[in-house]
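A.B. asks: Here it is, the structure in full.
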Amino acid sequence: MENEELISIHDFCVTCNIEESFVELLQRSELIEVTVVEGQTFIQAEQLTRLEKLTRLHYDLAINLEGIEVIDQLLQRIENMQHEIIALRNRLHIPH
């Protein structure tokens, strides 16, 4: 963990006015990864956008954890297919 920027889960939750227990649920469901340093829980800065997206799904759209897991899996599949389409187009020399 060299020079990785870490963001405090506590600070994130206070700023966004959400429960830390929600972030713990996301971590237990392996939707996000957290780092514990000296008893405090942090998230890597590169995962912040993901955490914000999952938080919006739950708090703004009232989607439960199971629904978030399904949506996340579907979005990952779409992203993988988009990468595959780009790779195939590149192999066939088809402009984007």
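A.B. asks: Distance from a point 7 Å along Cα→Cβ of Glu66 to each backbone N in region 19-35: keep the residues under 18 Å and list them by number.
C.D. replies: Those under the cut-off are 25-26, 28-31.
A.B. asks: Still on this structure: When the gyration tensor of region 9-62 is built from Cα positions, what are the square roots of 5 times its three eigenvalues, in whole Å, from largest to smallest? Kindly include the intermediate steps, with their values, before the conclusion.
C.D. replies: Values: eigenvalues 59, 28, 22 Å².
Each semi-axis is the square root of five times an eigenvalue, giving 17, 12, 10 Å.
A.B. asks: Hey, another quick one. Tell me, what is the FRET efficiency for Ile7 and Glu84 to the nearest 0.05, using R0 = 30 angstrom and their Cβ-Cβ distance as r? Each step should come with its number before you reach the end.
C.D. replies: On the way: r = 32 Å, r/R0 = 1.06.
Using R0 = 30 Å, I get an efficiency of 0.40.
A.B. asks: Oh, and also: For the chain, place one equal point scatterer on every Cα, skip the solvent, and apply the Debye formula. What is log10 of I(q)/I(0) at q = 0.17, 0.25 Å⁻¹?
C.D. replies: Computed log10 I(q)/I(0) values: -0.80, -1.30.
A.B. asks: Only Cα pairs within less than 10 Å get springs; with that Gaussian network setup on the chain, which residue of Ile78, Ile86, Ile68 has the largest fluctuation?
C.D. replies: Checking each option, the largest mean-square fluctuation is seen for Ile86.
A.B. asks: Between Gln40, Gln27, Gln73, which gets the highest mean-square fluctuation from a Gaussian network model of the chain, Cα cutoff 10 Å?
C.D. replies: Gln40
A.B. asks: Can you show me the helix-derived [θ] at 222 nm for the chain, built from DSSP H runs with n ≥ 4 at -39,500 (n - 2.57) apiece and divided by the number of residues, rounded to the nearest 500.
C.D. replies: -19000 deg cm²/dmol
A.B. asks: Hey, another quick one. Applying the Karplus parametrisation 6.51 cos²θ - 1.76 cosθ + 1.60 with θ = phi - 60° to the phi angles of region 78-91, what ³J(HN,Hα) value in whole Hz is obtained for each residue in order, glycine and proline being reported as x?
C.D. replies: Whole-Hz 3J(HN,Hα) from phi for region 78-91: 4, 4, 4, 5, 4, 5, 5, 4, 4, 4, 5, 4, 5, 5.
A.B. asks: Explain nothing, just compute: Karplus ³J(HN,Hα) = 6.51 cos²θ - 1.76 cosθ + 1.60, θ = phi - 60°, for every residue of region 4-13 in order, whole Hz, x for Gly and Pro.
C.D. replies: Working through the residues one at a time gives 7, 7, 10, 10, 5, 4, 4, 5, 4, 5 Hz.
Read-outs throughout are calculated quantities, based only on the coordinates presented, and are distinct from any laboratory measurement. Computed from a predicted model, the values in this text were never measured in an experiment. Neighbour counts run over all protein chains shown; Cβ positions are idealised from the backbone, glycine included.
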